[in-house]
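Only one structure is covered here, and it is reproduced in the block below.
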Amino acid sequence: MESGAVYHATTEPEAPRRRPFGCTLRHLWGWRLMAKVVQAIFSFVAVLCEEIVDDCITCGGLYFFEFISCSAFLLSLLILCVYCTNLYESLGEDKVQKL
């Protein structure tokens, strides 16, 4: 019996190397990536600007602005996390579109 024909160094194919945290730009690249990054930066700056205000007479508008800017920041981070990690493949394209 020839041992070279039966036995190999490994019986399973090598798994592809994964990047840290599953980072990939396969699904979001080019101007769309830059637009989402700029959106996240601007919404974060809006949250910071709102926090600078110490005193207000009628705070209803300020609270609404706080809610909108914080929501925009968190949702833009969620979109970046889904599209720029392996979470996109884990969820599936149809579920990402529904999300």
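The values are calculated or read from the model by the stated rules, or taken from the named source; none is laboratory data. For clarity, every value in this text was computed on a predicted model and none was experimentally measured. No Cβ is skipped: glycine too gets one built from the backbone with ideal geometry, and neighbour counts run over all protein chains shown. When the accessible area is computed, the model is the full protein with side chains, heavy atoms only, and any ligands, DNA or RNA have been set aside. Shrake-Rupley method; radii C 1.70, N 1.55, O 1.52, S 1.80 Å.
Return the residue satisfying two criteria in turn: it lies in segment 58-99 and is without any contact (Cβ under 8 Å) to a residue 40 or more places away in the chain and of a type in the set (S, T, N, Q), and of such residues it is surrounded by the most Cβ atoms within 10 Å (Cβ to Cβ).
The qualifying residue surrounded by the most Cβ atoms within 10 Å (Cβ to Cβ) is 69.
So which residues in segment 5-43 are modelled with pLDDT of 85 or more and open to solvent by 90 Å² or more (accessible area, probe 1.4 Å)?
Residues satisfying the conditions are 34, 41, 42.
Yes/no per residue for (1) in a loop (DSSP other than H, G, I, E, B); (2) at pLDDT 90 or above; (3) over 18 Å from residue 33 (Cβ atoms); (4) in contact with a Phe, Trp or Tyr (Cβ under 8 Å, 6 or more places away or on another chain):
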residue: 55; (1), (2), (3), (4): yes, no, yes, no
residue: 58; (1), (2), (3), (4): yes, no, yes, no
residue: 61; (1), (2), (3), (4): no, no, yes, no
residue: 64; (1), (2), (3), (4): no, yes, yes, no
residue: 70; (1), (2), (3), (4): no, yes, yes, no
residue: 74; (1), (2), (3), (4): no, yes, yes, no
residue: 80; (1), (2), (3), (4): no, no, no, no
residue: 89; (1), (2), (3), (4): no, no, no, no
residue: 95; (1), (2), (3), (4): no, no, yes, no
